[in-house]
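**Student:** Take a look at the following structure, please.
The values are calculated or read from the model by the stated rules, or taken from the named source; none is laboratory data. Every value quoted in this text rests on a predicted model; they were computed, and no experiment measured them. Here Cβ is always computed from backbone atoms with ideal geometry, including for glycine, and neighbour counts include all displayed protein chains. The accessibility values were calculated without ligands, DNA or RNA, using every heavy atom of the protein model including side chains. Shrake-Rupley method; radii C 1.70, N 1.55, O 1.52, S 1.80 Å.
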Amino acid sequence: MKLEIIKLLFDFGLLVLIWLIQLVVYPSFSYYRKNDLVLWHKKYTLRISYVVIPLMMTQLSISVVQAVQKPATLNILNLILVVVVWISTFLQFVPLHHKISSNSIDSNILQKLVSRNWFRTALWTLIFILSCVQTN
């Protein structure tokens with residue numbers, strides 16, 4: 001199987017995942033009572049990491065390989081977008097999730113989770129579109 005097809009599959013997996021998180025998971029957090037959210041959130045973050053980590057690691061790895069092997073504009077742009085997603089994840093979302101897990105929850109934190117995640121949702125959508133273009 002061609003590397004472009006494998007990348008397209010991983011990009012599609014992350015696309016579906018981020019839209020589910022944006023439209024279903026993050027908004028649902030506001031319906032939990034504080035103590036219940038803390039308990040659920042600890043389980044959620046562990047379980048979702050089994051899905052997210054392999055997808056993101058593979059996406060990053062393939063993006064690096066493509067940018068190094070063929071440093072074309074679209075490959076470099078794709079790698080930049082993937083790196084920006086990683087930066088956003090670790091600088092914005094890891095701290096927000098840590099606050100929730102450590103019982104420092106208020107409606108502002110839950111709102112930030114939803115509103116800031118639109119940026120990652122847009123980036124992963126764009127990454128998928130670029131992947132479709134590169135596959136054709």
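**Student:** Can you give the helix-only mean residue ellipticity at 222 nm for the chain, where every DSSP H stretch with n ≥ 4 adds -39500 (n - 2.57) and the sum goes over all residues, rounded to the nearest 500 deg cm²/dmol?
**Tutor:** -27500 deg cm²/dmol
**Student:** Roughly to the nearest percent, how much of the accessible area of segment 20-114 is carbon and sulfur, given a 1.4 Å probe?
**Tutor:** Whole-percent figure for carbon plus sulfur exposure: 68.
**Student:** When ranked by the protection proxy of mean other Cβ atoms within 10 Å per residue, highest first, what sequence do the peptides 55-63, 87-95, 72-80 form?
**Tutor:** Answer by packing, highest mean first, reads 55-63, 72-80, 87-95.
**Student:** HN-Hα J couplings of segment 119-126 from phi, Karplus 6.51/-1.76/1.60, θ = phi - 60°, integer Hz, Gly and Pro as x?
**Tutor:** 4, 5, 4, 5, 4, 5, 5, 5
**Student:** As a test question: what accessible area, to the nearest 10 Å², does residue 84 have when a 1.4 Å probe is rolled over all protein chains in place?
**Tutor:** Answer for residue 84: close to 50 Å² accessible.
**Student:** Kindly provide the trypsin sites (Lys or Arg not before Pro) of segment 1-40 that DSSP labels as loop, not H, G, I, E or B, and whose Cβ sees at most 11 other Cβ atoms within 10 Å.
**Tutor:** Sites meeting the loop and neighbour criteria: 2, 33.
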